[in-house]
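*Asks:* My structure is below; once you've seen it, I'll send some questions.
The values are calculated or read from the model by the stated rules, or taken from the named source; none is laboratory data. All values reported here derive from a predicted model rather than from experimental measurement. Don't worry about glycine lacking a Cβ; one is built from the backbone with ideal geometry, like all the others, and counts go over all protein chains shown. Heads up: the accessible areas ignore ligands, DNA and RNA and are worked out on the full protein's heavy atoms, side chains in. Shrake-Rupley method; radii C 1.70, N 1.55, O 1.52, S 1.80 Å.
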Amino acid sequence: MSFIDNELESVRQSCSKEVEGSEVISCFKASVRINIRRTRYKQVVVCLQFSDQYPDTPILLELKSKFLPDKLLDGLTKICEEKLKEQKGKAQILFLLKFIRQFLEDNPFSVCSEELTYIKKHIVSEGDKIVTKSKAGVIVITVNQDNYFMKLRFSIPDAYPSDPVTLENLAHNYPDIFQKMLIAQAQEMARRCVEPPLKRKPRDPPFEPAPSLQKIANFLIRDGLRKLPTDPCQVCKERAFPKEPKNVVNNAEHGRHVEWVYCGHIFHNGCLDEYMKLPPFTGGKKCPGCKKRIYHDKWNISPELAEARWAHHQAREREIDEVTDFLK
Ligand SMILES: [Zn+2]
Ligand SMILES: [Zn+2]
């Protein structure tokens, strides 16, 4: 048997044993194709062709994948070609397959490399800090904006994107309520990326989990952390956050406590409280910024009740006026 026939035979015999998650699709001199699967999304088809002077020259390879991006496959191909030079004169196929399998194991970012590039390019800005720990699949981003900061840790699970990215806040100096609401909303957003909606129509295409990393980073950083420190209170039109984070008010009863309502606009507690008690009440109070109805737990009353309270308050005012008139 020739060198190549020998090698093909040993690939057929021991590939699935020696390379975890591998499956031989074809194994002939004209074409060798092997699928390596780490998870549903970390899957590569390795297509090989023997070079003219094989094994003194590296075997020719092409990598294909339904989910891994082309750019990543190109990079991996180059690394493999370098690696194969070490195997000159020896059997190369199993060596190469093991190397690729290990790469999939060691690179949790392989399934989100495009998202990560996007985040580095478009979401993180100069004043921020981003640290990636590729073996652990962890990305730590510290967002800095107008004296405020938040340090966030994103972890990419092995089964990503079938499992959502997990998020943790490590430190911050935003008002506490914004930290809590941002993280809770981002987690909910990530969950929805991977769980089919409860109400599905019979003709909807089969549900496919969507990547959640870029989506929640965009929401947290671009829509939230960047804008909030300078966003105006919709009533007094002044900056709602104090200029100095050390003056942040976390007491929800305080007039300068910042409230975040359903439409996304923010208010001083004191300003919003006054505004909510003023007519008109028909159809509920509307946000002065966007005219959407204001929903907030603290002011969760019907227009009728607000009207009644207003009338009662006016009557009291009149009574007091009458009394003070009388005292003059
Ligand atoms: Zn205000
Ligand atoms: Zn609004």
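*Asks:* Where in region 1-64 are the strands (runs of 3 or more DSSP E), entirely inside, with at least 3 residues that are β-branched (Val, Ile, Thr)?
*Replies:* Working: elements: 22-27, 32-37, 43-49, 60-64.
Because the criterion is at least 3 residues that are β-branched (Val, Ile, Thr), the strands (runs of 3 or more DSSP E) in region 1-64 that meet it are 32-37, 43-49.
*Asks:* Using the structure shown, decide if residue 130 is assigned to a strand (DSSP E or B), modelled with pLDDT of 95 or more and not assigned by TED's automatic domain parsing to the domain that holds residue 44.
*Replies:* In short, yes.
*Asks:* Considering 235, 249, which residue is within 16 Å of ligand 2 (Cβ to nearest atom) and either in a loop (DSSP other than H, G, I, E, B) or within 17 Å of residue 296 (Cα to Cα) (or both)?
*Replies:* When all the criteria are applied, what remains is 235.
*Asks:* Mind listing whichever residues of region 272-292 are of a type outside the set (A, V, I, L, M), more than 9 Å from ligand 2 (Cβ to nearest atom) and out of contact with any strand residue (DSSP E or B) (no Cβ under 6 Å at 6 or more places or on another chain)?
*Replies:* Scanning region 272-292 gives 273, 274, 275, 277, 279, 280, 281, 282, 283, 285.
*Asks:* Here is a list of conditions, (1) modelled with pLDDT under 80; (2) within 16 Å of ligand 2 (Cβ to nearest atom), and residue 321 meets all of them except one; can you say which number that is?
*Replies:* (2)
*Asks:* Condition first: closer than 28 Å to residue 265 by Cα and open to solvent by 90 Å² or more (accessible area, probe 1.4 Å). Now tell me which residues in region 192-221 satisfy that.
*Replies:* Residues satisfying the conditions are 192, 215.
*Asks:* Check region 50-58 and report whether any residue there is more than 29 Å from residue 219 (Cα to Cα), among the acidic types (Asp, Glu) and open to solvent by 60 Å² or more (accessible area, probe 1.4 Å).
*Replies:* Yes, region 50-58 contains at least one residue that is more than 29 Å from residue 219 (Cα to Cα), among the acidic types (Asp, Glu) and open to solvent by 60 Å² or more (accessible area, probe 1.4 Å).
*Asks:* Assess whether residue 285 counts as being more than 30 Å from residue 146 (Cβ to Cβ), surrounded by 14 or more Cβ atoms within 10 Å (Cβ to Cβ), at pLDDT 80 or above and within 16 Å of ligand 1 (Cβ to nearest atom).
*Replies:* no
*Asks:* Go through (1) surrounded by 15 or more Cβ atoms within 10 Å (Cβ to Cβ); (2) within 15 Å of ligand 1 (Cβ to nearest atom); (3) part of a helix (DSSP H, G or I) for residue 306 and report which single condition fails.
*Replies:* (2)
*Asks:* Among the candidates 8, 72, single out the residue that is open to solvent by less than 30 Å² (accessible area, probe 1.4 Å) and not acidic (Asp, Glu).
*Replies:* The conditions single out 8.
*Asks:* If you don't mind, another one. Name the residue that is nearest to the chain's Cα centre (by Cα), counting only residues in region 227-252 that are touching a residue at least 40 places away in the same chain (Cβ under 8 Å) and open to solvent by less than 40 Å² (accessible area, probe 1.4 Å).
*Replies:* My answer is 228.
*Asks:* I've got another one for you. Are any residues in region 281-306 among the acidic types (Asp, Glu) and closer than 23 Å to residue 253 by Cα, and if so, which ones?
*Replies:* 297
Table: residues versus (1) in contact with a strand residue (DSSP E or B) (Cβ under 6 Å, 6 or more places away or on another chain); (2) touching a residue at least 24 places away in the same chain (Cβ under 8 Å).
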residue	(1), (2)
175	yes, yes
194	no, yes
199	no, no
202	no, no
207	no, no
211	no, yes
216	no, yes
